[in-house]
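**Student:** Could you have a look at this structure, given as structure tokens, before my questions?
The values are calculated or read from the model by the stated rules, or taken from the named source; none is laboratory data. Since we're looking at a predicted model, the values are computed, not measured. In this analysis, Cβ positions are derived from the backbone assuming ideal geometry, glycine residues included, and neighbour counts consider all displayed protein chains. Ligands, DNA and RNA are excluded from the accessible area calculation, which covers all protein heavy atoms including side chains. Shrake-Rupley method; radii C 1.70, N 1.55, O 1.52, S 1.80 Å.
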Amino acid sequence: MADLAALKRALGDRLIVPSNPQYPSAAQLFDPRFDGVHPAAIARCASTSDVQRCLEFVRTTGTPLAPRSGGHSYGGYSTTSGLVIDVGPMNAIGPGKSPGTARIGAGARLTDVYAELAASGTSIPAGSCPTVGITGLALGGGIGVVGRKYGLTCDAITAVEVVTAGGELVRCDENTEPDLFWAHRGGGGGNFGVVTALEFRTTRREA
Ligand SMILES: Cc1cc2nc3c(=O)[nH]c(=O)nc-3n(C[C@H](O)[C@H](O)[C@H](O)COP(=O)(O)OP(=O)(O)OC[C@H]3O[C@@H](n4cnc5c(N)ncnc54)[C@H](O)[C@@H]3O)c2cc1C
């Protein structure tokens, strides 16, 4: 395993290694089927620059990586024996750039998304499990009970902020890097970079 010292210096307590008391809970996925996979470290990223530092580390050391949002992957794709890039702390929810949109941090869980948007009388079509992460769900499509009326979760994405493998932060939408934007709407998580935030078209909640 590559030397984690430089990454530890950059991330401090946000880099969790097996000797940390928080390691068992930080390593845990929703499905205990993957309890046998022991990451060398879990980076609890709080900012885009944390994500960039992690990608620089895996790029220069050849360490395997797995991005994680809510940890509900049925295939265990958000864990690895290498470095887990956990965007959980990046969970802020607020207005998007255009009217009628919301910007949602990549680590937000559905329960927080629904609660925060409901406070302004809006919502997005998404899934029914409160602890599922918005990012894994939206990047893979996203099916929910209001889908017949409002479509898939990925249909409501208007922009994606993503750090590419080279470490560049790109905000893609239908006009900027449209192919990358297209790939993020149903292409599945973990394939095109590490997403740091998503922007969605919101709908007014019905009484
Ligand atoms: C109990 C349960 C209920 C569910 N209910 C629904 C439902 O109602 N509707 C529905 O459509 N689906 C549902 N799902 C499926 C769920 O949407 C997928 O499993 C989804 O991938 C989980 O997303 P996550 O962020 O929680 O998982 P994670 O395990 O964190 O991630 C899933 C995938 O996305 C990648 N990924 C995570 N974060 C990032 C990131 N920041 N950048 C790039 N890639 C990333 C991971 O590497 C992994 O490949 C359910 C799953 C479970 C276990």
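**Student:** Return the residue satisfying two criteria in turn: it lies in the range 87-112 and is more than 8 Å from the ligand (Cβ to nearest atom) and touching a Pro at 6+ places or on another chain (Cβ under 9 Å), and of such residues it is nearest to G127 (Cα to Cα).
**Tutor:** By that ranking, first place goes to L110.
**Student:** Another question, then. Taking V113 as meeting all but one of (1) over 28 Å from G141 (Cβ atoms); (2) within 14 Å of the chain's Cα centre (by Cα), write down the number of the exception.
**Tutor:** It is condition (1) that V113 fails.
**Student:** Sticking with this structure for a sec: Can you tell me which residue is farthest from F200 (Cα to Cα) among those in the range 137-153 that are near the ligand (Cβ under 9 Å from one of its atoms) and surrounded by fewer than 24 Cβ atoms within 10 Å (Cβ to Cβ)?
**Tutor:** V145
**Student:** How many of the residues in the range 96-116 are farther than 22 Å from H72 by Cα, open to solvent by less than 70 Å² (accessible area, probe 1.4 Å) and at pLDDT 95 or above?
**Tutor:** So the count comes out to 4.
**Student:** Further question on the same structure: Check whether at least one residue in the range 41-61 is open to solvent by less than 40 Å² (accessible area, probe 1.4 Å), in a loop (DSSP other than H, G, I, E, B), out of contact with any Asp or Glu (no Cβ under 8 Å at 6 or more places or on another chain) and more than 13 Å from T196 (Cβ to Cβ), and report yes or no.
**Tutor:** no
**Student:** Within the range 18-40, restricting attention to residues that are open to solvent by less than 30 Å² (accessible area, probe 1.4 Å) and of a type outside the set (S, T, Y), which residue is farthest from Y74 (Cα to Cα)?
**Tutor:** Top of the filtered list is A40.
**Student:** So, one more: Which residue is nearest to the ligand (Cβ to nearest atom), if the candidates are limited to the range 154-165 and must be buried (at least 19 other Cβ atoms within 10 Å of the Cβ) and farther than 17 Å from P89 by Cβ?
**Tutor:** V162
**Student:** Looking only at the range 124-136, which residues are within 12 Å of the ligand (Cβ to nearest atom) and surrounded by 16 or more Cβ atoms within 10 Å (Cβ to Cβ)?
**Tutor:** P125, A126, G127, V132, G133, I134, T135, G136
**Student:** I'd like the full set of residues that are charged (D, E, K, R) and closer than 19 Å to Y23 by Cα, limited to the range 37-59.
**Tutor:** Across the range 37-59, the qualifying residues are R44, D50.
**Student:** Being assigned to a strand (DSSP E or B), farther than 30 Å from T61 by Cα, open to solvent by 10 Å² or more (accessible area, probe 1.4 Å) and at pLDDT 95 or above is the requirement here; does R171 meet it?
**Tutor:** No; evaluated as a whole, the condition is false for this residue.
**Student:** Sticking with this structure for a sec: Which of the residues that make up the range 188-207 are open to solvent by 40 Å² or more (accessible area, probe 1.4 Å) and in a loop (DSSP other than H, G, I, E, B)?
**Tutor:** G189, G190, N191, F192, R205, E206, A207
**Student:** Can you tell me which residue among T48, T122 is touching a residue at least 40 places away in the same chain (Cβ under 8 Å) and closer than 23 Å to R14 by Cα?
**Tutor:** The conditions single out T48.
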